[in-house]
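Chemist: My structure is below; once you've seen it, I'll send some questions.
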Amino acid sequence: MISHIRKSARLLSAIAITALFSACGQDPGYASKATLTSASATLPDNGSPRLLELINQGRAQKQLPRLILDPRLNQTALDHSSAMARRNEFDHRVKGERGFQKRLLARGYPRSHSAENIAMAPDPYQVYQLWYNSPGHYDNMFNHKYTYVGIARSGNYWTADFAASDGL
């Protein structure tokens, strides 16, 4: 029972921390030498496609364009979700990992307006609800500047990396 209470308290703490920090939108700062090209990507059947569908349904209700999957953002998101799961650490920067913008650049995504949402939940519906009810996450999902996304899951660790095309 105490273990369950501790896990619940950690989850609530993680949600609160995530609400504060995962709205970590980034301004371009400087132009990157990387270029954004037309990209196609697919998501593994682990709940990620459903999460993308939920986000795009919400965007459609707000008359925003659908987010387009980008393989570089997908890989960046997967790297981060995997790092969180491997270290059992819920944060935007786990020990030994680069910051968000550096992770994007390392995967070849040009510096652009971007943001990262993270969540710890068992299914895409709960992830969507957590993000929908958190002002910072909500702003990231429904930011009109963001046109590209990468979504990944490793265990119960989820990452969505949003980016604009202004790095072209």
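Chemist: Please list 68, 118 from largest to smallest accessible area, probe radius 1.4 Å, with all protein chains kept in place.
Modeler: The ordering from most to least exposed comes out as 68, 118.
Chemist: Around residue 64, under 15 Å between beta carbons, what's the net of Lys plus Arg minus Asp minus Glu among the other residues?
Modeler: Net charge around residue 64: +2.
Chemist: Points 7 angstrom from Cα along the Cβ direction at residue 53 and residue 88: gap in nanometres?
Modeler: 3.4 nm
Chemist: Where does the charge balance sit around residue 142 when Lys and Arg score +1, Asp and Glu -1, over other residues with C-beta under 9 Å from its C-beta?
Modeler: Local charge sum for residue 142: +1.
Chemist: Using the alpha carbon gyration tensor of segment 47-154, what are the three equivalent-ellipsoid semi-axes (square root of 5 times each eigenvalue), largest first, in whole Å?
Modeler: 21, 17, 12
Chemist: Now a separate question. What number results when the radius of gyration of segment 94-133, computed over Cα atoms, is divided by 2.2 N^0.38 Å?
Modeler: Normalised by 2.2 N^0.38 Å, the Cα Rg of segment 94-133 equals 1.47.
The values are calculated or read from the model by the stated rules, or taken from the named source; none is laboratory data. This one's a predicted model, so the numbers in the text were calculated from it and none came from an experiment. For neighbour counting, all protein chains shown are included, and Cβ atoms are generated from backbone atoms with ideal geometry for every residue, glycine included. What goes into the accessible areas is simple: the full protein's heavy atoms, side chains included, and nothing from ligands, DNA or RNA. Shrake-Rupley method; radii C 1.70, N 1.55, O 1.52, S 1.80 Å.
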